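Undergrad: One structure follows; several queries about it will come next.
All of the numbers you see were taken from the coordinates with simple rules; none came from a lab. Here the structure is a predicted model, which means the values were calculated and not measured. Heads up, the Cβs are rebuilt from the backbone with ideal geometry, glycines too, and the neighbour counts pull from every protein chain shown.
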Amino acid sequence: MDFGDHIRRLRQKRYRVNRRYSIKRVAERIGLDPTDLDRIERNDMPPPEEEVIARLARDLGEDLDVLLALAGEMASDVRQTITRRPILFSELIRGLGDLPDKKLTLLVRKVRNSSG
């Protein structure tokens, strides 16, 4: 699934329950022209910049990292962290790439608990 399709599905799902999720109203809340949001949803226009994607994620109740990944991007704070130590983080990511979700989740929890 790509960015535009995902956004459209999220927005339409919410629209069925609440009319405030029309293209026009979502676009107004996130600071886009409704025509541009429509074009993004139809994949006729590339995903917007990170700041707009962040507003869209908040408005639609989606995880920012999910939307950025679908847009072929990553959060600027993640990029900065990787850039500071590119070899170590590249090796770490490649090494963990095939780890089952359950084990990866346990590892993430351990890291969170130890860095407080």
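Undergrad: Mean separation of Cα pairs under 8 Å and 6+ residues apart, divided by the residue count of the chain: what relative contact order is that in percent?
TA: Once divided by the residue count of the chain, the mean separation gives 20 percent.
Undergrad: Can you list the lysines whose alpha carbon sits under 24 Å from that of residue 13, skipping same-chain ones fewer than 8 residues off?
TA: Once the sequence-local lysines are set aside, what remains near residue 13 is 24.
Undergrad: For a test of the definition: using alpha carbon positions, the gyration tensor, and the 1.5 limit on a/c, classify the chain as rounded, prolate or oblate.
TA: prolate
Undergrad: Return 23, 93 ranked ascending by Cβ neighbour count within 10 Å, so the fewest neighbours appear first.
TA: 93, 23
Undergrad: Follow-up. With Cβ to Cβ distances under 15 Å as the rule, what net charge do the other residues near residue 95 carry (K, R +1; D, E -1)?
TA: +1
Undergrad: Using the Cα centre as the reference, give the magnitude of the dipole from point charges on the C-beta atoms of the chain (Lys, Arg: +1; Asp, Glu: -1; all else neutral), rounded to the nearest 20 debye.
TA: 660
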